[in-house]
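S.K.: My questions all concern the structure below.
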Amino acid sequence: VINHSHDCLGTSSSTEDLIINFQEFKTIPQISLRVCQLISKEGSTIREIEEILRLDPILVSRLLRMVNSAYYGIRYRVESIAKAVVFIGLKNIRNLVIIDTMKGCFLGVADGPNFSRKRLWLHCTAVGVCAQMIARRLLGMTGEDAFLAGILHDLGMLVEDQVQPEPFQTVLRQYRDGDRPIVEEERAILGTDHCAVGALLATQWRFPDDVKTAISAHHTPITSEADLVQLPAIVQIAHYVADAAGYREIPERLEQPTGLVAEHLRQRAMEYRILARDFNAEMRKAASFYEVDAA
Ligand SMILES: [Fe+2]
Ligand SMILES: [Fe+2]
């Protein structure tokens, strides 16, 4: 293990080393990257997006399969990206492109003894689905960015698992058998944590700033009331609801919410009870996002 203690700044070289090594293994497909950038850019047209997607008809068919899934509840069969945009909007198309890309990263790799990428992917989609429900129902937002933040929040773990598989197994074992937060185990063993790694990758992949912040702060306690309606808090709340419903990354550990998030959940207990009940039905509708054979 290399010693990175010479670095006294927040962005440790461990984080960067992990990313550099990860990039040798996995590059985000150019088409996905282009689509994400176009959709984030003001004034892009459906035409431009269609033109890029046309280069990958298999991707398009996978996207349309998800568009036509129960999750969006469209009553007609959507057979083109242009129609899909009309029904679900550009940001949802972006989310589906990212889901498709992430699936390729998470699935098709054998599980280690302490960690299952399949389970982590199910956990990430659960947090995404739940974050979107919270954003819509409790905050009156459309929730596409909340969904994306949920889907991507643990992206850093994927990098750690890929680049430092053995130390990462140790992290998971110690986390599972102990009572410390996972980020503390990671910092002790890897010299960084999955929040920092995920945020750096999100910067390189040019995901929206809000989403990047949510990735980097999803384990940071919320200290102001106003922050409860921001993406990092939405992801934390969704995380707790999804974990409690059984969609945990490490089944043995259920972390309790703390501070303002705990208080918020208590104050709005009734709304969250209803949300938790409907969440299971929503997850069934979202099956095409996390199913292995739906690729
Ligand atoms: Fe998580
Ligand atoms: Fe996490």
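The values are calculated or read from the model by the stated rules, or taken from the named source; none is laboratory data. It should be emphasised that the depicted structure is a prediction, and the values quoted were computed from it without experimental measurement. Cβ atoms come from the backbone with ideal geometry, glycine included; neighbour counts cover every protein chain shown.
S.K.: Only residues that are more than 12 Å from ligand 2 (Cβ to nearest atom), surrounded by fewer than 24 Cβ atoms within 10 Å (Cβ to Cβ) and of a type in the set (V, I, T): list them for region 151-184, please.
M.R.: Those that are more than 12 Å from ligand 2 (Cβ to nearest atom), surrounded by fewer than 24 Cβ atoms within 10 Å (Cβ to Cβ) and of a type in the set (V, I, T): V163, T170.
S.K.: Looking at region 234-252, can you tell me whether even one residue there is of a type in the set (D, E, K, R) and over 27 Å from L172 (Cα atoms)?
M.R.: No: zero hits.
S.K.: Looking for something at pLDDT 95 or above and assigned to a loop (DSSP other than H, G, I, E, B) - is there at least one such residue anywhere in region 250-267?
M.R.: No - not one qualifying residue is present in region 250-267.
S.K.: Now a separate question. Could you tell me how many of the residues in region 135-186 are more than 16 Å from ligand 1 (Cβ to nearest atom) and either free of Cβ contacts under 8 Å to residues at least 24 places away in the same chain or out of contact with any strand residue (DSSP E or B) (no Cβ under 9 Å at 6 or more places or on another chain) (or both)?
M.R.: 22
S.K.: Oh, and also: Give the residues of region 105-132 that are assigned to a helix (DSSP H, G or I) and either touching a Pro at 6+ places or on another chain (Cβ under 8 Å) or over 23 Å from Q162 (Cα atoms) (or both), sorted by residue number.
M.R.: R119, V129, C130, A131, Q132
S.K.: Inside region 187-223, can you point out the residues that are among the acidic types (D, E) and either within 15 Å of ligand 1 (Cβ to nearest atom) or in a loop (DSSP other than H, G, I, E, B) (or both)?
M.R.: The one that is among the acidic types (D, E) and either within 15 Å of ligand 1 (Cβ to nearest atom) or in a loop (DSSP other than H, G, I, E, B) (or both): D193.
S.K.: Let me confirm something: among A84, A131, A135, which residue is over 25 Å from F168 (Cα atoms), within 16 Å of ligand 2 (Cβ to nearest atom) and among the hydrophobic types (A, V, I, L, M, F, W, C)?
M.R.: Sole residue among the options that is over 25 Å from F168 (Cα atoms), within 16 Å of ligand 2 (Cβ to nearest atom) and among the hydrophobic types (A, V, I, L, M, F, W, C): A131.
S.K.: Right, something else. So which pairs qualify, if the first residue must be in region 43-60 and crowded, with 16+ Cβ neighbours inside 10 Å, the second must be part of a loop (DSSP other than H, G, I, E, B) and at pLDDT 90 or above, the Cβ gap must be under 6 Å, and the two must be at least 6 apart or on different chains?
M.R.: Once the first residue is crowded, with 16+ Cβ neighbours inside 10 Å and sits in region 43-60, no partner that is part of a loop (DSSP other than H, G, I, E, B) and at pLDDT 90 or above comes close enough.
S.K.: Would region 230-243 turn up any residue that is over 17 Å from T125 (Cα atoms), assigned to a helix (DSSP H, G or I) and more than 16 Å from ligand 1 (Cβ to nearest atom)?
M.R.: no
S.K.: Also, I was wondering about something else. Could you go through region 142-150 and let me know if any residue there is more than 16 Å from ligand 2 (Cβ to nearest atom), modelled with pLDDT of 95 or more and either outside any helix (DSSP H, G or I) or more than 30 Å from L18 (Cα to Cα) (or both).
M.R.: The answer is yes, given that some residue of region 142-150 is more than 16 Å from ligand 2 (Cβ to nearest atom), modelled with pLDDT of 95 or more and either outside any helix (DSSP H, G or I) or more than 30 Å from L18 (Cα to Cα) (or both).
S.K.: When region 256-290 is examined, which residues are found to be over 21 Å from L138 (Cβ atoms) and not aromatic (F, W, Y)?
M.R.: R284, A287, S288
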